[in-house]
Amino acid sequence: MKRYYKAFEQITRMKPLLILFSVMISFTGAFAQKLELKDAINIALKNSLDIELARNYVEQRDVLNSYGIAGGLPVVVANATDNEQISNINQKYDAGGDSARVVTTKGANSNTLNAGITGSLLLFNGMRVVSTKKRLDQLEQQGEQYVNSQVQNIIASVMTNYFDVVRQQYYIRVIDQSIELAKQTLDIVKAQQSVGLANNANLYQAQLDLNNLVQVKENQQLVIQQAKTEMLRLLTLKTDSTIHIQDTIVVDKSIMLDAILSNLTNNADIIAADQQVRINELIVRETAAQRYPSVSVNGGYNYARNQNAAGQVLLNQRSGPVIGVGLSIPIYNGSIYRRQQKAAEIEVKNAELQKGVLVRDYTAGAVKSYQAYASNIIQLETARQNFKLSQDLVSLVLQRFQLRQATILEVSQAQDSFERSAYVLINLAFSAKSSEIELKRVSNQLAF
């Protein structure tokens with residue numbers, strides 16, 4: 001019925017066990033549930049409160065989108081009144097000549113009953129009904145675009161946070177490798193010292209390097225825990241749950257700037273802004289229609305009965321159908337309608353300006369994201385080469401240190417080079433992936 005439901009059909013079509021895993025997922029004790037990217041996205045879309053609010057907004061607009069709200073359907077009204085009255089009557093009637101007949105009654109009852117059903121159908125009011133109905137259609141479609149925008153934003157947020165966890169966990173692996181190297185260095189120093197070939201300075205330095213790395217690892221584990229907590233918040237799950245993420249960062253290298261810019265017209269926010277322009281144009285038509293004559297046809301059936309205990313008329317009863325045509329011509333109301341129309345035309349211009357600003361900002365953002373994306377892609381290859389060289393350097397220097405051909409300072413420098421090159425490599429991969437996600441988000445190409 002509505003396009004925004006398509007965004008959730010893929011989730012509901014999943015196998016029941018997968019849905020159970022995605023929605024009813026629970027974590028207890030030290031057990032860590034493995035979380036893949038597609039599952040994280042499905043959970044976030046299923047549990048998102050922002051999407052739920054947007055869907056309710058669309059439901060509200062769908063309820064209001066009808067010809068009845070627009071004023072194009074007949075209006076039927078039934079009414080009835082029944083009044084009972086006690087009156088003192090004093091009447092004189094001409095009896096001919098100079099005489100008169102006098103009627104005097106105290107506490108006389110009288111009853112008046114009126115009932116009827118009437119219907120009215122608008123035939124013409126300057127096409128205002130048509131314009132209103134079109135505006136309600138646009139409002140409903142605009143609400144669907146707001147849902148699509150929320151979907152894309154949530155997918156982008158989940159993906160970025162997911163790969164940030166992957167990045168932080170890669171840091172841990174690098175630190176673990178550095179710790180292993182530091183342990184090997186310490187073992188070499190101890191072995192050399194045992195035969196009198198190393199002094200306490202080298203021993204203390206090796207031990208300090210190892211202790212510092214252990215501390216760095218503890219701090220990095222805290223960073224990972226907080227990143228996972230943020231992931232659980234995005235999934236609207238208990239933030240004290242335990243999840244396990246094991247993945248790699250793979251960057252799509254096929255993105256082209258021209259394709260992104262040409263697909264900006266598919267961006268939900270830009271589409272909604274364009275729809276707002278059309279909505280304001282229809283408001284101008286609705287306002288202008290108030291200056292035209294309004295024609296309606298009216299019909300119904302009336303019943304009236306008046307019964308008196310005394311008086312000249314003891315019973316008066318009428319019933320029958322009624323039909324007619326109503327015509328209303330606005331002549332002058334202080335130029336209210338004309339001024340309202342002018343104000344509505346200004347709102348159209350404002351909506352066009354707001355759309356232009358949005359397109360400008362999205363275009364600039366897409367260009368900047370692509371520049372970062374392209375730069376990171378170029379640097380990635382060099383970073384991989386540097387990382388491989390740093391691994392070879394550490395291995396070589398450690399061998400030379402074991403043969404007492406290199407100092408412990410050279411070992412520390414080689415180890416620092418290894419760590420820096422590893423951090424640069426993963427940061428470039430993450431930055432390229434973040435730029436890729438942003439480019440696909442603004443062009444409405446994030447898949448789930």
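Looking at (1) farther than 23 Å from Q379 by Cβ; (2) surrounded by 17 or more Cβ atoms within 10 Å (Cβ to Cβ); (3) not charged (D, E, K, R), which is the only condition S434 fails?
Condition (1) is where S434 drops out.
Spot the failing condition for R167; the list is (1) within 30 Å of M231 (Cα to Cα); (2) exposed (fewer than 12 other Cβ atoms within 10 Å of the Cβ), and only one is missed.
Against the list (1) within 30 Å of M231 (Cα to Cα); (2) exposed (fewer than 12 other Cβ atoms within 10 Å of the Cβ), R167 comes up short only on (2).
For residues in the stretch 63-96 being more than 34 Å from the chain's Cα centre (by Cα) and touching a residue at least 60 places away in the same chain (Cβ under 8 Å), which is farthest from E286 (Cα to Cα)?
By that ranking, first place goes to Y93.
Quick grid of which residues meet (1) among the basic types (K, R); (2) surrounded by fewer than 17 Cβ atoms within 10 Å (Cβ to Cβ); (3) part of a helix (DSSP H, G or I); (4) not assigned by TED's automatic domain parsing to the domain that holds N316:
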| site | (1), (2), (3), (4) |
| --- | --- |
| S120 | no, yes, no, no |
| K133 | yes, no, yes, yes |
| Q138 | no, no, yes, yes |
| Q152 | no, no, yes, yes |
| N161 | no, no, yes, yes |
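Checking V58 against (1) in contact (Cβ under 8 Å) with a residue 24 or more places away in the chain; (2) in a strand (DSSP E or B), which single condition isn't satisfied?
All conditions pass for V58, except number (2).
Surrounded by fewer than 20 Cβ atoms within 10 Å (Cβ to Cβ), hydroxyl-bearing (S, T, Y) and either on the phi > 0 side of the Ramachandran plot or assigned to a helix (DSSP H, G or I) (or both), is that true of S157?
For S157, the condition - surrounded by fewer than 20 Cβ atoms within 10 Å (Cβ to Cβ), hydroxyl-bearing (S, T, Y) and either on the phi > 0 side of the Ramachandran plot or assigned to a helix (DSSP H, G or I) (or both) - is met.
Name the pairs whose Cβ atoms lie under 8 Å apart, with the first residue in the stretch 426-448 and closer than 29 Å to F387 by Cβ, the second of a type in the set (K, R), and 6 or more positions between them or separate chains?
I426/R167; N427/R167; A429/R167; F430/R167
Determine if the stretch 15-36 includes at least one residue that is surrounded by 14 or more Cβ atoms within 10 Å (Cβ to Cβ), at pLDDT 85 or above, among the aliphatic types (A, V, I, L, M) and not in a loop (DSSP other than H, G, I, E, B).
The answer is no; no qualifying residue exists.
Restricting attention to the stretch 397-411, which residues are of a type in the set (S, T, N, Q), within 17 Å of V195 (Cβ to Cβ) and not in a helix (DSSP H, G or I)?
Once the filter is applied, which keeps residues that are of a type in the set (S, T, N, Q), within 17 Å of V195 (Cβ to Cβ) and not in a helix (DSSP H, G or I), the stretch 397-411 yields only Q405.
Write out, first by first residue and then by second, each pair whose Cβ atoms fall under 6 Å of each other, whose residues are 6+ apart or on separate chains, and whose first residue, in the stretch 256-271, is farther than 20 Å from V357 by Cβ and touching a residue at least 12 places away in the same chain (Cβ under 8 Å) while the second is surrounded by 13 or more Cβ atoms within 10 Å (Cβ to Cβ) and not β-branched (V, I, T).
L257/Y370
So V250 passes all but one of these: (1) of a type in the set (A, V, I, L, M); (2) in a loop (DSSP other than H, G, I, E, B); (3) surrounded by 13 or more Cβ atoms within 10 Å (Cβ to Cβ). Which condition number does it fail?
For V250, the failing item is (3).
Rundown of residues vs (1) assigned to a strand (DSSP E or B); (2) modelled with pLDDT under 90; (3) within 30 Å of Y301 (Cα to Cα); (4) not assigned by TED's automatic domain parsing to the domain that holds V322, yes/no style:
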residue	(1), (2), (3), (4)
N83	yes, no, yes, no
I86	yes, yes, yes, no
N90	yes, yes, no, no
Y93	yes, yes, no, no
G97	no, yes, no, no
V102	yes, yes, no, no
T105	yes, yes, no, no
N109	yes, yes, yes, no
L113	yes, no, yes, no
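Could we say that D187 is surrounded by fewer than 17 Cβ atoms within 10 Å (Cβ to Cβ), touching a helix residue (DSSP H, G or I) at 6+ places or on another chain (Cβ under 8 Å), of a type in the set (D, E, K, R) and part of a helix (DSSP H, G or I) here?
It is false that D187 is surrounded by fewer than 17 Cβ atoms within 10 Å (Cβ to Cβ), touching a helix residue (DSSP H, G or I) at 6+ places or on another chain (Cβ under 8 Å), of a type in the set (D, E, K, R) and part of a helix (DSSP H, G or I).
When residues of the stretch 299-320 are filtered for being free of Cβ contacts under 8 Å to residues at least 24 places away in the same chain and either exposed (fewer than 10 other Cβ atoms within 10 Å of the Cβ) or not assigned by TED's automatic domain parsing to the domain that holds S110 (or both), how many remain?
Here the count works out to 3.
Given the conditions (1) assigned to a helix (DSSP H, G or I); (2) in contact (Cβ under 8 Å) with a residue 12 or more places away in the chain; (3) within 28 Å of N153 (Cα to Cα), and given that V357 satisfies all but one, which numbered condition is not satisfied?
Here V357 clears every test but (2).
Anything in the stretch 181-229 that is within 55 Å of the chain's Cα centre (by Cα), among the charged types (D, E, K, R) and under 22 Å from Q391 (Cα atoms)? List them, or say none.
K183, D209, K217 - these are the residues of the stretch 181-229 that are within 55 Å of the chain's Cα centre (by Cα), among the charged types (D, E, K, R) and under 22 Å from Q391 (Cα atoms).
Condition test on T265, is it surrounded by fewer than 20 Cβ atoms within 10 Å (Cβ to Cβ), part of a helix (DSSP H, G or I) and within 27 Å of the chain's Cα centre (by Cα)? Full working, then the answer.
On the way: surrounded by fewer than 20 Cβ atoms within 10 Å (Cβ to Cβ): yes; part of a helix (DSSP H, G or I): yes; within 27 Å of the chain's Cα centre (by Cα): yes.
Yes.
The values are calculated or read from the model by the stated rules, or taken from the named source; none is laboratory data. Quick caveat: nothing in here was measured; it's all calculated off a predicted structure. Using ideal geometry, Cβ is built from the backbone for each residue, glycine included, and neighbour counts are taken over all protein chains shown.
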